[in-house]
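The values are calculated or read from the model by the stated rules, or taken from the named source; none is laboratory data. Predicted, not measured: the structure shown is a model, and the values here were computed from it. Virtual Cβ from ideal backbone geometry, glycine too; neighbours counted across all protein chains shown.
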Amino acid sequence: MAHFIIIGAGIGGLATAHALLNLGHTVRVHEAAPELRAVGAGVVLGANAMRALHELGLHDAVAAVGAPVRQLRLLDQQGRVLQAADTTEFTQKLGFENVGIHRADLQRALLTGLPPDTVQLGNPFERFEQTQAGVTAHLSTGTVAHADALLGADGLNSRVRRQLWPAAHPRYAGYTCWRGVVEASVLKLPVGESGETWGRAGRRFGYVPVGGGRVYWFACLNSAEPRNPRFQDYRVADLQREFAGFHAPVPALLALTHDNELLWNDILDLPPLAHFARGRVLLLGDAAHATTPNLGQGAGMAIEDAAVLARCLSASPNNLPIAFRAFEQQRQARTARIVRTSWQLGRVGQLENPLLAGLRNTLMRLLPAAVSRSQMAWLYEEL
């Protein structure tokens, strides 16, 4: 059995730790943060991600703290339906549902069952060295860690990726986003329904149930520059002004939100990489294929990575570079397609020109249901 170093204790890093331990390997996860705080908003785990969690023995723990999402509705600013999809056909076929979940709950579920010393906090990664026999990681604390392989699961701004491919940089999508999670039982929203509204002038709002009566919402606005000073002091009242006139439940969800609960981030992704692996070093999750959130597949792709890596290691248990190359071959095309499709969908959803937005809405209403089913098929059924 091999010993692995994982850089980053996010969703991908923790899921991969389970995958490796299940195979009998030993693992140390080095995380830069001094503590794993209950931060973040909501995520959607598609049926494909839930199936991957099942392979890792984590499905039940995650499903127990999330909420099934069975209806997907795309609306215009007045609340008129542009597209509606019932995912039951696909989820029944796969045997797994789409689940909305708070990121902190997902993190706790993934931490459960890991040996107490698996995750090492307060250990920022600096650089690695590799030979034909192994990898050495240098941490900013002065710690030097040795392993048979190193997995970079350290997110969009990965330092592991920076050393492997210094020319690969995140790109700004042209819009910025606020997020929140509110206790919304009082609104009595339809069970299992998520909604997204494409409004006027590059305004977009969506919501997803995440369990326990809570709802995760997001609100996007176009911005010519990242970290736009205009938006740095935005509060709930500012969002209420920006999204005035949006249909229910948008006003109610914002009214339930407190200023200290707002999260603000620009939307970025990573243009598809040609390679994820070099020798005994492999990138996973956002470090390898960060995507804009428009398909709800960012967290799911990281979890899929863990399951696929486990398969590749089972097939080549005595040759880690070969297993890593097999992983790359299996994951590159799928993740690149998701990155590109999500980027394009975001550009369409954020249209500002009223004529183009009106044409977009008309075309969405006319889009055959078979097209929506086809997209769900490749998202949920392929792994």
Point to revise | Verdict on Gln132 being over 30 Å from Gln83 (Cβ atoms) and at pLDDT below 95 | key: yes
Point to revise | Complete set of residues in segment 73-93 that are among the charged types (D, E, K, R) and farther than 15 Å from Ala369 by Cα | key: Asp76, Arg80, Lys93
Exercise for review: Determine whether segment 313-322 contains at least one residue that is in contact (Cβ under 8 Å) with a residue 24 or more places away in the chain and within 26 Å of Ala167 (Cα to Cα).
Suggested key: yes
Study note, to complete from the structure: If we keep only residues of segment 227-240 that are part of a loop (DSSP other than H, G, I, E, B) and surrounded by 11 or more Cβ atoms within 10 Å (Cβ to Cβ), then the residue nearest to the chain's Cα centre (by Cα) is Arg227
Exercise for review: Kindly state which helices (runs of 4 or more DSSP H) lie completely within segment 284-380 and contain at least 1 residues that are modelled with pLDDT of 95 or more and over 15 Å from the mean Cα position of the chain (by Cα).
Suggested key: 298-315, 320-349, 354-366
Exercise for review: With the condition kept exactly as written, say whether any residue in segment 38-58 is among the acidic types (Asp, Glu) and in contact with a strand residue (DSSP E or B) (Cβ under 9 Å, 6 or more places away or on another chain).
Suggested key: no
Exercise for review: Determine which single condition Ala184 fails, assuming it passes every other condition in (1) at pLDDT 95 or above; (2) surrounded by fewer than 20 Cβ atoms within 10 Å (Cβ to Cβ); (3) not aromatic (Phe, Trp, Tyr).
Suggested key: (2)
Study note, to complete from the structure: If we ask which residues in segment 148-195 are within 30 Å of Ala133 (Cβ to Cβ), of a type in the set (Ser, Thr, Tyr) and more than 23 Å from the chain's Cα centre (by Cα), their number turns out to be 0
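Every residue, every condition in (1) closer than 16 Å to Ala47 by Cα; (2) surrounded by fewer than 18 Cβ atoms within 10 Å (Cβ to Cβ), yes or no:
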site: Val339; (1), (2): no, no
site: Gly346; (1), (2): no, no
site: Gly349; (1), (2): no, no
site: Leu355; (1), (2): no, yes
site: Arg360; (1), (2): no, yes
site: Ala370; (1), (2): no, yes
site: Trp378; (1), (2): yes, yes
Check your understanding: Across segment 187-218, what is the number of residues that are under 29 Å from Gly358 (Cβ atoms) and assigned to a loop (DSSP other than H, G, I, E, B)?
Key -> 6
**Study point:** Of residues in segment 99-121 being closer than 25 Å to Gly212 by Cα and polar (S, T, N, Q), the one surrounded by the fewest Cβ atoms within 10 Å (Cβ to Cβ)
**Key:** Thr112
Check your understanding: Name the pairs whose Cβ atoms lie under 7 Å apart, with the first residue in segment 241-270 and within 25 Å of Pro229 (Cβ to Cβ) and buried (at least 20 other Cβ atoms within 10 Å of the Cβ), the second basic (Lys, Arg) and modelled with pLDDT under 95, and 6 or more positions between them or separate chains?
Key -> none
Point to revise | Number of the exception - Thr141 against (1) in contact with a strand residue (DSSP E or B) (Cβ under 8 Å, 6 or more places away or on another chain); (2) of a type outside the set (A, V, I, L, M, F, W, C); (3) assigned to a loop (DSSP other than H, G, I, E, B); (4) free of Cβ contacts under 8 Å to residues at least 24 places away in the same chain | key: (1)
Review point. Got at least one residue in segment 256-274 being on the phi > 0 side of the Ramachandran plot and assigned to a loop (DSSP other than H, G, I, E, B)?
Key: no
Study note, to complete from the structure: Restricted to segment 62-98 and to residues being surrounded by fewer than 18 Cβ atoms within 10 Å (Cβ to Cβ), hydrophobic (A, V, I, L, M, F, W, C) and at pLDDT 95 or above, the residue farthest from the chain's Cα centre (by Cα) is Val81
Exercise for review: Inspect all residues belonging to segment 321-331 and state whether any of them is touching a helix residue (DSSP H, G or I) at 6+ places or on another chain (Cβ under 6 Å), aromatic (Phe, Trp, Tyr) and either surrounded by fewer than 22 Cβ atoms within 10 Å (Cβ to Cβ) or closer than 30 Å to Gln132 by Cβ (or both).
Suggested key: yes
Check your understanding: Would you say Thr335 is touching a residue at least 12 places away in the same chain (Cβ under 8 Å), surrounded by fewer than 19 Cβ atoms within 10 Å (Cβ to Cβ), within 30 Å of Thr197 (Cβ to Cβ) and not aliphatic (A, V, I, L, M)?
Key -> no
